[in-house]
Structure formats: structure tokens, C-alpha cells
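Data block below; observations after.
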């Protein structure tokens, strides 16, 4: 199973032209993204950012049955909730790793909320944002720091 996941993630990474960081824990962490300690990822492209929840977060959610999305045009602030993911286990807030204005929401999640768990870094993205403060990215973790953060967090539980 782990090898299958690693091979699949390697294929995805190759397709996206990114490199992977494989650690002792089983979550996939993509090198070219930034991470919040609340387990959201962000991909920065110029002054725009794509936001989703990490593979590590989705592993703890279980089967996702609903994703609450914000309205396009809404402002989001770093560290504040902008939506929620409801699974068979619990409902969890989705916090924005950066501040800005929502340009687009992933409408596919309305019909297929499980994309958040089956494809957290590709089809399961949640929002696209126009950045209002690019300096906030410096407050986020890179892939190595996030991997270590997850390992330490998992060791506590």
C-alpha cells in the first residue's frame, strides 16, 4: 500500500513537475508548496495562490461528505477560517494560509467532496486567492519543516 501510494504520488509529482519529500510518516508532502500548522497548503504563482488541505489532514478526516466553500470576492485572512470540511468523523474548519481576495472556488467539490481526500494536491484544491500580502508566505513552513512538524504531532498522539 505505501509503495503504491509512493509510486502514485511520484507519478503525480512528475506530471506537475515538482519534487517530493518522502519521510518516515506516510503522508505525501510536496516540495514546491508552503504549509500552515493547521494543515493547509498553498501554491504561490505570482500574486495568486491556490489553497487546499494537506494529505496529512485528509488522512485524519476519513470520508469527506461536504465542503463548505466561501463566496468568490470574499476576503480571507491568514490563520482565519474561510470554510469547513465535513467528514463522517467530524467537521473541521479550513483556515487560510494567506490573506487576499477569493478569485475562484473549486465548484467540483460541491458534486464530489471526496476529491479533497482522493486528490488533495490536484483536483481537490479548495480556493484560488489574489494575495494581499506576499510577505505572509515567509511565515509558512517549507516541505521539510512541515514534514518534521507532522512527525512530531503524530508522535504526541
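The values are calculated or read from the model by the stated rules, or taken from the named source; none is laboratory data. Predicted, not measured: the structure shown is a model, and the values here were computed from it. Note that each Cβ is placed from the backbone with ideal geometry, even for glycine, and that neighbours are counted across all protein chains shown.
Quick notes on this structure:
- Cβ-Cβ under 8 Å pairs, at least 6 apart or on other chains, region 139-151 side in contact (Cβ under 8 Å) with a residue 40 or more places away in the chain and at positive phi, far side loosely packed, with under 14 Cβ neighbours inside 10 Å and in a helix (DSSP H, G or I): none
- Which numbered condition residue 121 misses (of (1) closer than 18 Å to residue 29 by Cα; (2) not in a loop (DSSP other than H, G, I, E, B)): (2)
- Sole residue being over 21 Å from residue 34 (Cβ atoms) and within 14 Å of the chain's Cα centre (by Cα), chosen from 118, 92, 81, 87: 118
Rundown of residues vs (1) in contact with a helix residue (DSSP H, G or I) (Cβ under 9 Å, 6 or more places away or on another chain); (2) in contact (Cβ under 8 Å) with a residue 60 or more places away in the chain; (3) buried (at least 18 other Cβ atoms within 10 Å of the Cβ), yes/no style:
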residue: 64; (1), (2), (3): yes, no, yes
residue: 90; (1), (2), (3): yes, no, no
residue: 102; (1), (2), (3): no, no, yes
residue: 105; (1), (2), (3): no, no, yes
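- The set of residues in region 26-43 being closer than 22 Å to residue 130 by Cβ and surrounded by fewer than 18 Cβ atoms within 10 Å (Cβ to Cβ) consists of 32, 38.
- Here residue 62 passes the criteria (1) at pLDDT below 95; (2) within 14 Å of the chain's Cα centre (by Cα) except the one numbered (2).
- Residue 36 satisfies every condition listed in (1) out of contact with any helix residue (DSSP H, G or I) (no Cβ under 9 Å at 6 or more places or on another chain); (2) at pLDDT 95 or above; (3) within 24 Å of residue 138 (Cβ to Cβ) except (1).
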